[in-house]
Amino acid sequence: MLALAWSVFMNKLLYLNLVSAGLGILAVTATFLGGIVLAFDKSLWPLDGQILYIGHICHLLTIPVTITILSKGYKANPRMHLAWLITQATLLILSLIAISLLYPGMFNYGWWPS
């Protein structure tokens, strides 16, 4: 029974790791794509604002998810694989850097599209 509980716990951590990696990839892709559209094609105005909003929200969501995974994965017995911990620490650091660089220009593209 204990082995089953342990495997369910590790599968939840693996799922959270994959969610965090997906959020990080979506954040970078949406921010990059929205910035390119905003810079080069003014006719797609509502679309690039929505894409940038998605990227900014994903950046914000990546931070608490990676902090949760790092704390649970480091305290788990046995610890998660070092590669997962390094990946999550890297995602956390890059998200914090992106938020600090994007902060002055976040969510200033007009009202949230309805």
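The values are calculated or read from the model by the stated rules, or taken from the named source; none is laboratory data. None of the values given here were measured: they were computed from a predicted structure.
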Looking only at region 63-114, how many residues end up being modelled with pLDDT of 75 or more and closer than 20 Å to residue 27 by Cα?
28
Only one of 60, 44, 52 is within 16 Å of the chain's Cα centre (by Cα), in a helix (DSSP H, G or I), at pLDDT below 85 and among the aliphatic types (A, V, I, L, M). Can you tell me which?
52
